1. In nanometres, what is the gap between the two model label sites at L85 and F235, each 7 Å from Cα along Cα-to-Cβ?
2. Which distance in nm do the two modelled labels at A154 and D26 give, with both placed 7 Å along the Cα-to-Cβ direction?
3. Determine, from the Cβ-Cβ distance of R246 and A17 and an R0 of 51 Å, the FRET efficiency 1/(1 + (r/R0)^6), rounded to the nearest 0.05.
4. For the chain, set up a Gaussian network in which alpha carbons nearer than 10 Å are linked by springs, and say which option among T134, T61, T99 fluctuates the most.
5. Could you identify which residue out of T238, T135, T57 has the top mean-square fluctuation in a GNM of the chain using Cα springs shorter than 10 Å?
6. If you roll a 1.4 angstrom probe over the protein chains with everything in place, what fraction of the accessible area of the chain belongs to carbon and sulfur, to the nearest %?
7. Tell me, what is the 1.4 Å probe accessible area of R156, in Å² to the nearest 10?
8. Taking Cα atoms, how many degrees apart are the long axis of helix 83-98 and the longest axis of the chain, rounded to 10 and kept between 0 and 90?
Amino acid sequence: MQLRVGLPVVMLAAVIAGWDLLVRIDDIPPYVLPGPGLVLSTLVSDWPVLAASLVVTLTTTLQGLALAVFGGIGLAILFNQSRLLEYSLYPYAVILQVTPIVAIAPLLLIYLPQPAAVLACAWIVAFFPVLANTTLGLKSVDHNLVNLFELYGASRLQVLTHLKLPAALPYMLAGLRIAGGLALIGAVVAELAAGSAGAGSGLAFRIAESGYRLNIPRLFAALLLLSVTGIAIFFALTLLSHLLLRRWHESATRQEN
């Protein structure tokens, strides 16, 4: 456990030290590459603006993730109950996933209000991992257990709620961890597209704005906030997964041991 925490910290410290040393030795101007100290001071001085943008991006990300979770799990349940529905709709979910969000975002900004377009982008990229993993989890239930439930007269709803959904929970949570980061990416891509059109207020818009104005320290500060936000989302979802699985699933109980 100490190595798992200590080694990344040491690597991060080494990268920051090398970054600072490079800037000092080569005397690189701040509009090309600001030093870590300048980035941190900019983060503090510009915190009111960056914090407001962080709230906008984080709100959009969480909303898109919530829509992806409810929509993905709900549709996966429908697919599990109706093979005809799965065969009819699943290919279109795949098409939606493989189409680059960079190409979709400008179109959505044309036809939807800017906040709705950004939210739609966050939902699109986060939706498929939840749908695919939940569908796989529901299909991976032991057929002998399903037959046993049916032998004792369990209804389809009882089989779903008491057997399939609990068994598919690890798959759902794995999809959720993937979707959390993708929702942030989708929001950032849409905000960048909106920023190129002169609209937006999220962190990605601040990055684009700082780039246009050659305010590179603020650009790095906004990028740092985005990275920290993505890491925080991932660890929060990992903690949720651990808390839900630690008492019964091998993937969590082995970690505890």
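The values are calculated or read from the model by the stated rules, or taken from the named source; none is laboratory data. Quick caveat: nothing in here was measured; it's all calculated off a predicted structure. A quick note on method: Cβ atoms are made from the backbone with ideal geometry, for glycine too, and the neighbour counts reach across all protein chains shown. In case anyone asks, the SASA skips ligands and DNA or RNA and just uses the protein heavy atoms, side chains included. Shrake-Rupley method; radii C 1.70, N 1.55, O 1.52, S 1.80 Å.
1. For L85 paired with F235, the spin-label model returns 3.9 nm.
2. With each label placed 7 Å out from Cα toward Cβ, I get 6.2 nm.
3. Values: r = 37 Å, r/R0 = 0.73.
Efficiency for this residue pair is about 0.85.
4. Evaluated over the chain, the most mobile residue of the options is T99.
5. Largest GNM mean-square fluctuation: T238.
6. 70 percent
7. 150 Å²
8. Helix 83-98 sits at roughly 10 degrees to that axis.
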